[in-house]
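The values are calculated or read from the model by the stated rules, or taken from the named source; none is laboratory data. Please read these numbers as outputs of a predicted model, since none were measured by experiment. Reconstructed Cβ throughout: ideal geometry from the backbone, glycine too, with neighbour counts over all protein chains shown.
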Amino acid sequence: MSYENLTTKKEENIGWIIIDRPEKLNALNANTIKELHRAFLLFEEDPDVKAIILTGSGEKAFIAGADISELAELDFAAGKEYAAEGQELTILIENLKKPVVAAINGYALGGGTELALACHVRIASESAKMGQPEVKLGLIPGFGGPQRLARLVGKGKAMELILSGRIIDANESCEIGLVNKVVPPGDLLSTCVNLVKEIINNGPLALEYAIEAINKGMEQVLDGGLLLEAELFGKACSSEDSKEGTKAFLEKRKANFKGS
Ligand code: COA
C-alpha cells in the first residue's frame, strides 16, 4: 500500500507508521487523517504485525497539529465533521486490538498531542515539545484532547494546559504523566522497539483483552469495570494462549502463543 503522506513498513512483527510531511512538520491534513485510518486498519488485520509504532519523519516533529490552512476554512458544520473524523481516528487507535506506541520525536502539538494520547504508550525524545495550543487560534482541541488529557493527567493540569495553550518540554510532559518516559533523541526508536519486543512476547489475546479492560473500565464506575474485567479474564482463561502460557511456565520453557 502506498500513501501520499505516510511511510509504512513491517520489521520483526512491528508495523511502523511514519507521518511523512516533514516540510509541514507532519501537520495532519484531511488526507493524512484518512491515510492514517487506513494504515492502522491494515496493520490491525495483518497477522504478521503484532504491535505498531507511530512516529513522525524528520528531526523536528512528531505532528505539529492539524493543518491550520484547512482549519481556516471551516464553518460550524464542516468543523463538527472535521472533529468527528479526527476523533474517529483516535478511537480506532485507542481501541486497536494490538498495542500502539507513540515515538514522539519532536513537536507534538494540538492533534499531535491528541494522537499521542490515543496511543497505548508514549515515549518522548528529549527534544519533544507537547501541548494543546488551539486556543491561540481561537479554537479548542477537537480530536479528544479535552477528554483524554483530563483523564490521563487530571482535570486541573488539563485545564491549565488547554486554557493557556502553553507548550511544554519532554521532562515536564513526563513529570505530569503525559508521556511514560523521556530518552535522548538517538535512543528514541530503539527504546520503542525494545519496549514493543517486550510487549509482543506476551499472549496477543491477553494484550487485546488488557487494552479493552483498561480502556472500557476507565469509562465506568469501579463495579462496572470489575465486572468487565472478570468477563475478559474468563475469556482469557478459555483461550488456547492461556493453556499454553501456564503450561510453558510449569514446563520451564518459553510459551509459543498463537493468538487463539
Ligand atoms: N498546520 C499547517 N502548517 C504547519 C503547521 C500546522 N499545524 N505547523 C507547521 N506548519 C508549517 C509552517 O506553516 C511552515 O510551512 P512553510 O514553510 O510553507 O511556511 C512549516 O510547517 C515549518 O514550520 P515553521 O513555523 O516555519 O517552523 P518553526 O520551527 O519556526 O516553528 C512550530 C515550529 C511548531 C512552533 C510552529 O510551526 C507552529 O506553531 N505550528 C503550529 C502549531 C499549532 O498551533 N498546532 C495546533 C494546530 S490546531
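Taking the residues in the range 49-83 that are part of a loop (DSSP other than H, G, I, E, B) and more than 30 Å from residue 197 (Cβ to Cβ) as candidates, determine which candidate is farthest from the ligand (Cβ to nearest atom).
That would be 75.
If you check residue 135 against the conditions, is it in the same structural domain as residue 111 (by TED's automatic domain parsing), among the β-branched types (Val, Ile, Thr) and not in a helix (DSSP H, G or I)?
no
What residue, among those in the range 127-137 that are out of contact with any strand residue (DSSP E or B) (no Cβ under 6 Å at 6 or more places or on another chain) and either of a type in the set (Asp, Glu) or more than 11 Å from the ligand (Cβ to nearest atom) (or both), is nearest to residue 71 (Cα to Cα)?
Here the residue is 134.
For every residue, the table says whether it meets (1) farther than 28 Å from residue 103 by Cβ; (2) more than 18 Å from the chain's Cα centre (by Cα); (3) not assigned by TED's automatic domain parsing to the domain that holds residue 100.
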residue: 166; (1), (2), (3): no, yes, no
residue: 176; (1), (2), (3): no, no, no
residue: 186; (1), (2), (3): no, yes, no
residue: 190; (1), (2), (3): no, no, no
residue: 221; (1), (2), (3): yes, yes, yes
residue: 224; (1), (2), (3): yes, yes, yes
residue: 228; (1), (2), (3): yes, yes, yes
residue: 236; (1), (2), (3): yes, yes, yes
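In the range 238-260, what residues are loosely packed, with under 15 Cβ neighbours inside 10 Å and within 14 Å of residue 97 (Cβ to Cβ)?
260
Would a scan of the range 201-209 turn up a residue that is loosely packed, with under 12 Cβ neighbours inside 10 Å and out of contact with any helix residue (DSSP H, G or I) (no Cβ under 8 Å at 6 or more places or on another chain)?
yes
Quick one: in the range 84-111, which of the residues that are within 17 Å of residue 123 (Cα to Cα), small (Gly, Ala, Ser) and more than 14 Å from the ligand (Cβ to nearest atom) is nearest to the chain's Cα centre (by Cα)?
102
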